[in-house]
Amino acid sequence: MDDVTGAQLIAEALKAQNVEYMFGIVGVPIIEVAMAAQAAGIKYLGMRNEQAACYAASAIGYLTGRPAVCLVVSGPGLIHALGGMANANVNCWPVIVIGGSSDRNQETTGAFQEFPQVCGVNHKHSGLCTHFFASLPSMFQCVSPQVEACRLYSKFSARPSSLQMIPAVVEKAVRSSIYGRPGACYVDIAGDMVNAKIDRASVRFVSCCPAAPVSQADSREVTKAVKLLKTAQRPLIIIGKGAAYARAEREVRELVEVTGIPFLPTPMGKGVLPDDHPNCVAAARSRALLQADVVVLLGARLNWILHFGFPPRFSPHVKVIQVDLCAEELSNNIRAASALMGDMRAVVSQLLETLKSDSWSFPSDAEWWATLKEKMVANAHMSKTLVHHSTVPMNYYTAFHHISELLPKDCIIVSEGANTMDIGRTTLLNYLPRHRLDAGTFGTMGVGPGFAIAAAVLEQTQQSSQRVVCVEGDSAFGFSGMEVETMCRYKLPIIIIVINNNGIYSGVDPDTWREMEKMGDMTTIAPPVTLLPEARYEQVMTAFGGCGYLVRTVEELRSALQESLKNTQMPSLLNVLIDPASDRKQQVPLSHATHHLQVSNTSDVLIN
Ligand code: ADP
Ligand code: MG
């Protein structure tokens with residue numbers, strides 16, 4: 001007999017589905033799963049928190065189109081990973097979470113790290129629910145609380161009913177994660193199944209699932225869209241991370257260049273076309289959104305990032321040509337004037353075919369272009385004055401200006417924080433698709449180090465010389481800061497730049513802090529947004545053998561970044577102390593300030 005264990009079946013099934021990476025934290029009962037994965041040729045990266053492991057795995061899914069695995073232990077391990085699953089699912093990124101669970105014969109007994117039972121009933125109290133469950137037929141009793149917990153944050157959540165079923169369930173999870181709208185999938189493995197053995201001949205093996213099927217949009221909707229576009233006075237193309245995930249850069253570029261229409265990327269849509277493309281009107285973002293009469297929405301949702309498509313940020317009469325593969329997304333918030341359901345590359349090709357038949361393009365001397373260009377020039381001027389402030393501590397704009405001058409054009413920029421992420425989005429340019437990863441649709445803080453590790457491990461495998469630069473607010477860095485050890489352990493030459501303003505949004509300077517300390521109990525005095533002033537985050541990096549730099553001046557910033565860029569062996573951390581009073585550019589007040597939808601701080605992006 002050729003025996004095979006549950007752990008081996010999981011690992012081999014993943015490998016058969018072209019899964020190449022696994023991130024996780026091992027413990028009983030899944031250590032053997034990680035070891036089997038390595039034996040099967042899957043790269044395993046041990047992380048320091050399951051959330052970060054799940055962020056990393058989901059970034060691999062976005063960057064490669066093939067999901068990676070986040071491997072976690074039962075109970076608390078899986079609960080930590082739920083944050084990462086939710087983030088992946090909300091971002092529409094594929095990821096497979098595999099969670100060990102208690103041995104089946106210990107379920108409901110209060111086993112070590114046993115996930116709380118459904119119904120919230122503690123097994124130690126014999127209440128109604130326990131009796132209720134005990135009276136159910138046995139098929140109901142084996143409902144796994146871990147499977148149920150993950151259902152809320154995934155597209156598919158299941159436990160193989162037997163070792164024989166493992167390859168089929170793994171294939172289904174991988175396929176579900178990338179077919180239709182991508183998302184998170186969960187596979188549960190009971191502890192006793194990990195080392196249990198069966199005869200290989202009794203297993204139903206499943207071959208690798210093909211790439212997601214592609215569908216085109218209804219041709220009548222395509223005709224409608226093109227007709228509408230040709231009558232537009234102020235057309236605008238919005239490029240979202242759906243277009244990036246779809247790898248539609250060639251088609252989208254052709255659409256922009258054939259039509260001559262201005263475009264605006266969403267934060268992670270940046271780079272599908274380079275930020276310095278002549279049709280990019282990011283520097284006139286608010287005006288473009290407000291005055292556009294026809295918007296071509298390419299793989300972006302009309303959520304908070306795009307102010308829901310509502311006034312006062314958009315014209316109440318705006319007509320939306322929406323391209324999305326998810327039927328439920330069409331006409332969300334704003335009724336689509338043309339709803340193009342299908343794969344981005346296929347649908348944009350359809351649009352191009354129809355458009356090219358009579359070689360129409362939007363006139364470059366149109367009033368719309370003049371309006372947008374005038375605003376872009378004015379904003380460029382305003383930014384320049386902020387950049388050249390020579391004060392110490394620096395402001396955001398000065399710091400970002402020098403960082404962007406030194407960064408190679410092909411680097412992958414990971415960014416999170418409040419002002420750090422907002423200002424970084426406008427000042428750090430992207431030139432290549434899928435080269436920006438940030439807090440995303442869910443606005444999750446703590447994603448940076450995990451995303452950076454994923455991007456860097458891909459770079460390491462592909463032996464490309466692209467650098468990963470992780471620009472973090474000091475608060476954001478704190479959420480997953482211990483992943484610095486992971487970076488050092490695997491010698492991933494990530495450059496972390498902590499933009500340190502002593503707090504969430506902003507803190508106080510050291511003198512003010514000391515004054516506050518004299519006034520009494522800091523738990524009642526210190527503003528909740530404050531963090532320890534001038535905290536030495538760079539020492540977190542040196543603690544593990546990486547390079548740390550404390551940066552106060554422009555000269556220190558430039559030399560530390562240049563040195564870090566030369567260092568291809570180890571990660572670096574630049575702790576950039578900036579003025580806690582530094583803020584974003586002045587906002588232009590909106591005329592409809594009383595609008596019923598409160599936009600959050602981060603969504604209330606600059607009036608450009
Ligand atoms: P952003 O954050 O850039 O605004 P979102 O994540 O809100 O982008 O939206 C991305 C959209 O792209 C989702 O609605 C998703 O369904 C869609 N999408 C993902 N992949 C594809 C694809 N291959 N073709 C078309 N649409 C896609
Ligand atoms: Mg801060």
| query | Filter the range 321-340 for residues that are out of contact with any Lys or Arg (no Cβ under 8 Å at 6 or more places or on another chain) and open to solvent by less than 10 Å² (accessible area, probe 1.4 Å); which is farthest from ligand 1 (Cβ to nearest atom)? | reply | ILE321
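Name every residue in the range 528-577 that is among the hydrophobic types (A, V, I, L, M, F, W, C) and closer than 21 Å to HIS401 by Cβ, in order of residue number.
Once the filter is applied, which keeps residues that are among the hydrophobic types (A, V, I, L, M, F, W, C) and closer than 21 Å to HIS401 by Cβ, the range 528-577 yields LEU550, VAL551, VAL554, LEU557, ALA560, LEU561, LEU565, LEU573, LEU574, VAL576, LEU577.
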| query | Would you say VAL295 is closer than 14 Å to ALA232 by Cβ, open to solvent by less than 30 Å² (accessible area, probe 1.4 Å) and either modelled with pLDDT of 95 or more or in contact with a Lys or Arg (Cβ under 9 Å, 6 or more places away or on another chain) (or both)? | reply | yes
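Just the residues that are assigned to a loop (DSSP other than H, G, I, E, B), open to solvent by 60 Å² or more (accessible area, probe 1.4 Å) and of a type in the set (Lys, Arg), please, taken from the range 151-179. Steps first, please.
Just the residues of the range 151-179 that are assigned to a loop (DSSP other than H, G, I, E, B), to begin with: 152-155, 159-162, 179.
Remaining after also requiring open to solvent by 60 Å² or more (accessible area, probe 1.4 Å): 152-153, 155, 161.
If the condition is that a residue be assigned to a loop (DSSP other than H, G, I, E, B), open to solvent by 60 Å² or more (accessible area, probe 1.4 Å) and of a type in the set (Lys, Arg), then LYS155 is the only one that fits.
Here's the yes/no breakdown for (1) open to solvent by 10 Å² or more (accessible area, probe 1.4 Å); (2) β-branched (Val, Ile, Thr); (3) farther than 19 Å from GLU374 by Cβ; (4) more than 16 Å from ligand 2 (Cβ to nearest atom):
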residue: ARG234; (1), (2), (3), (4): yes, no, no, yes
residue: LEU255; (1), (2), (3), (4): no, no, yes, yes
residue: VAL258; (1), (2), (3), (4): yes, yes, yes, yes
residue: PRO274; (1), (2), (3), (4): yes, no, yes, yes
residue: ILE305; (1), (2), (3), (4): yes, yes, yes, yes
| field | Single residue of the range 427-455 satisfying the filter (in contact (Cβ under 8 Å) with a residue 60 or more places away in the chain and in a helix (DSSP H, G or I)) that is nearest to ligand 1 (Cβ to nearest atom) | value | PHE451
| Could we say that ALA452 is modelled with pLDDT of 95 or more, away from ligand 2 (no atom under 16 Å from the Cβ), closer than 24 Å to SER559 by Cα and surrounded by 24 or more Cβ atoms within 10 Å (Cβ to Cβ) here? | yes
| request: With the condition kept exactly as written, say whether any residue in the range 407-426 is more than 20 Å from GLY240 (Cα to Cα), within 16 Å of ligand 2 (Cβ to nearest atom), open to solvent by less than 40 Å² (accessible area, probe 1.4 Å) and not in a loop (DSSP other than H, G, I, E, B). | output: yes
| field | Matching residues in the range 543-563 - criterion: being open to solvent by 60 Å² or more (accessible area, probe 1.4 Å) and in contact (Cβ under 8 Å) with a residue 60 or more places away in the chain | value | PHE544, ARG552, ARG558, GLN562
| Single residue of the range 466-482 satisfying the filter (farther than 23 Å from GLY24 by Cα and touching a residue at least 60 places away in the same chain (Cβ under 8 Å)) that is farthest from ligand 2 (Cβ to nearest atom) | ARG467
| remark: A careful count of residues in the range 356-376 that are modelled with pLDDT under 95 and assigned to a helix (DSSP H, G or I) gives 1
| Among the candidates PRO265, PRO278, PRO274, PRO311, which residue alone is of a type outside the set (Asp, Glu), away from ligand 1 (no atom under 15 Å from the Cβ) and within 21 Å of ARG247 (Cβ to Cβ)? | PRO274
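Could you please give the count of residues in the range 239-262 that are among the hydrophobic types (A, V, I, L, M, F, W, C), closer than 20 Å to PHE314 by Cα and within 8 Å of ligand 1 (Cβ to nearest atom)? It would help to see each step written out before you state the result.
If we filter the range 239-262 for residues that are among the hydrophobic types (A, V, I, L, M, F, W, C), which is where we start, we get 239, 243-244, 246, 248, 252, 255-256, 258, 261.
From what's left, closer than 20 Å to PHE314 by Cα: 239, 261.
If we keep only those that are within 8 Å of ligand 1 (Cβ to nearest atom) as well, we get 239.
Number satisfying all stated conditions: 1.
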| Among the listed residues VAL222, VAL187, which satisfies the condition of being away from ligand 2 (no atom under 16 Å from the Cβ) and in contact with a Ser or Thr (Cβ under 7 Å, 6 or more places away or on another chain)? | VAL222
| said: Residue under question is LEU352, and the condition is that it be away from ligand 2 (no atom under 16 Å from the Cβ), closer than 14 Å to LEU264 by Cα, assigned to a helix (DSSP H, G or I) and of a type outside the set (Lys, Arg); does it hold? | reply: no
| query | In the range 387-406, which residues are farther than 29 Å from THR441 by Cα, open to solvent by 30 Å² or more (accessible area, probe 1.4 Å) and touching a residue at least 40 places away in the same chain (Cβ under 8 Å)? | reply | SER390, THR391, VAL392, PRO393
| note | The residue that is modelled with the lowest pLDDT, considering only those in the range 488-519 that are at positive phi and open to solvent by 70 Å² or more (accessible area, probe 1.4 Å), is TYR505
| remark: Counted residues in the range 50-88 being crowded, with 24+ Cβ neighbours inside 10 Å and within 24 Å of ALA300 (Cα to Cα) come to 15
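The values are calculated or read from the model by the stated rules, or taken from the named source; none is laboratory data. Keep in mind that what you see is a predicted model, and the values were worked out from it rather than measured. Counting neighbours? That spans all protein chains shown, and the Cβs are built from the backbone with ideal geometry, glycine included. When the accessible area is computed, the model is the full protein with side chains, heavy atoms only, and any ligands, DNA or RNA have been set aside. Shrake-Rupley method; radii C 1.70, N 1.55, O 1.52, S 1.80 Å.
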